[in-house]
Amino acid sequence: MAIAVPPDLEPATAEEVLAYAAERFHPRLFVACSFQKEASVIMDMLLRIEPEARFFTLDTGVLFEETYETWRAVERHYDVRIEVFKGISLEEQARRHGDELWARDPDACCGIRKVSPLEQALSEVDAWVAGVRRDQSPLRATTPKFHWDEKHDLWKVNPLADWSDGDVWDYIAANGIPYNPLHDRGYASIGCTHCTKPGAMHA
């Protein structure tokens, strides 16, 4: 796919960024849904703009029960169906690599349960949306709102890049949207049960 010069979306609001992405890429636009609070905000915003927007999740098989409950809640609330991508089964992973690979080699476990399924999810689209915010970590401090994702060879949209944690919570409160209750228990970021701890960002 030819890489055209993108517009300058840095001054744009999150809604304007999503509107541009939907107009340019839908239906070949895929929204990553991690069932964290940023994902709830993006889903709410985008469905107001494009009711047929497409969402996907990576089901590692070891997500928190609260995450699965949030998954069911947002599907009911918005009457959407989130597409699911998975790696090999946990049983097959244990057979090939031994039990509790996440404890011995977390990078290898993530490669199987997250990286490979993500590559599969993105292989048939031209752009994807993520909930990355610049204030989440030093590594994310320069995240643009719209850029070419060389790793996955497609466009990446980060509409909440310049939002604060307070901005996210204000939007959730103002619009009454479902969110993962683990945030109320001190989890800043929510991934798999074995690797996520309260108060820490999870990659």
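Residue-wise test of (1) farther than 15 Å from HIS183 by Cβ; (2) under 10 Å from the mean Cα position of the chain (by Cα); (3) part of a loop (DSSP other than H, G, I, E, B).
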{"position": "VAL31", "(1), (2), (3)": "yes, yes, no"}
{"position": "SER34", "(1), (2), (3)": "no, yes, yes"}
{"position": "GLU38", "(1), (2), (3)": "no, yes, no"}
{"position": "ASP44", "(1), (2), (3)": "yes, no, no"}
{"position": "LEU47", "(1), (2), (3)": "yes, no, no"}
{"position": "PRO51", "(1), (2), (3)": "yes, no, yes"}
{"position": "GLU75", "(1), (2), (3)": "yes, no, no"}
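Given the structure, is PHE30 modelled with pLDDT of 95 or more, touching a Cys at 6+ places or on another chain (Cβ under 8 Å) and of a type outside the set (Val, Ile, Thr)? Show your work before the answer.
On the way: modelled with pLDDT of 95 or more: yes; touching a Cys at 6+ places or on another chain (Cβ under 8 Å): no; of a type outside the set (Val, Ile, Thr): yes.
Answer is no for this residue.
Results for (1) over 25 Å from TYR78 (Cβ atoms); (2) at pLDDT 95 or above, shown as yes or no for each residue.
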| residue | (1), (2) |
| --- | --- |
| VAL125 | no, yes |
| LEU139 | yes, no |
| ASP153 | yes, yes |
| GLY166 | no, yes |
| TYR179 | no, yes |
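Cβ-Cβ below 7 Å, separation at least six or inter-chain, first residue in the stretch 46-61 and under 18 Å from GLU15 (Cβ atoms), second part of a loop (DSSP other than H, G, I, E, B) and among the aliphatic types (A, V, I, L, M): which pairs?
Once the first residue is under 18 Å from GLU15 (Cβ atoms) and sits in the stretch 46-61, its partners that are part of a loop (DSSP other than H, G, I, E, B) and among the aliphatic types (A, V, I, L, M) give LEU46/ALA53; LEU47/ALA53; PHE55/VAL80; PHE55/ILE82.
Please work out which one of (1) of a type outside the set (S, T, N, Q); (2) modelled with pLDDT of 95 or more; (3) surrounded by 12 or more Cβ atoms within 10 Å (Cβ to Cβ) is the condition ALA94 fails and give its number.
That leaves (2) as the condition not met.
Looking only at the stretch 139-191, filter to residues that are of a type in the set (Lys, Arg) and assigned to a loop (DSSP other than H, G, I, E, B); which one of those is surrounded by the most Cβ atoms within 10 Å (Cβ to Cβ)? Lay out the reasoning, then the answer.
Step one: of the stretch 139-191, the residues of a type in the set (Lys, Arg) are 140, 145, 151, 156, 185.
Then drop every residue that is not assigned to a loop (DSSP other than H, G, I, E, B), which leaves 145, 151.
Values: LYS145: 25, LYS151: 10.
Out of the qualifying residues, it is LYS145.
Can you pull out the residues in the stretch 173-191 that are more than 13 Å from GLU38 (Cβ to Cβ) and either in contact with a Lys or Arg (Cβ under 6 Å, 6 or more places away or on another chain) or acidic (Asp, Glu) (or both)?
The one that is more than 13 Å from GLU38 (Cβ to Cβ) and either in contact with a Lys or Arg (Cβ under 6 Å, 6 or more places away or on another chain) or acidic (Asp, Glu) (or both): ASP184.
So VAL17 fits all but one of (1) of a type in the set (A, V, I, L, M); (2) in contact with a Pro (Cβ under 7 Å, 6 or more places away or on another chain); (3) surrounded by fewer than 20 Cβ atoms within 10 Å (Cβ to Cβ); what number is the exception?
The single condition VAL17 does not satisfy is (3).
The values are calculated or read from the model by the stated rules, or taken from the named source; none is laboratory data. Remember, it's a predicted structure, so these values are computed and weren't measured experimentally. Here the Cβ is made from the backbone with ideal geometry for all residues, glycine too, and neighbour counts use every protein chain on show.
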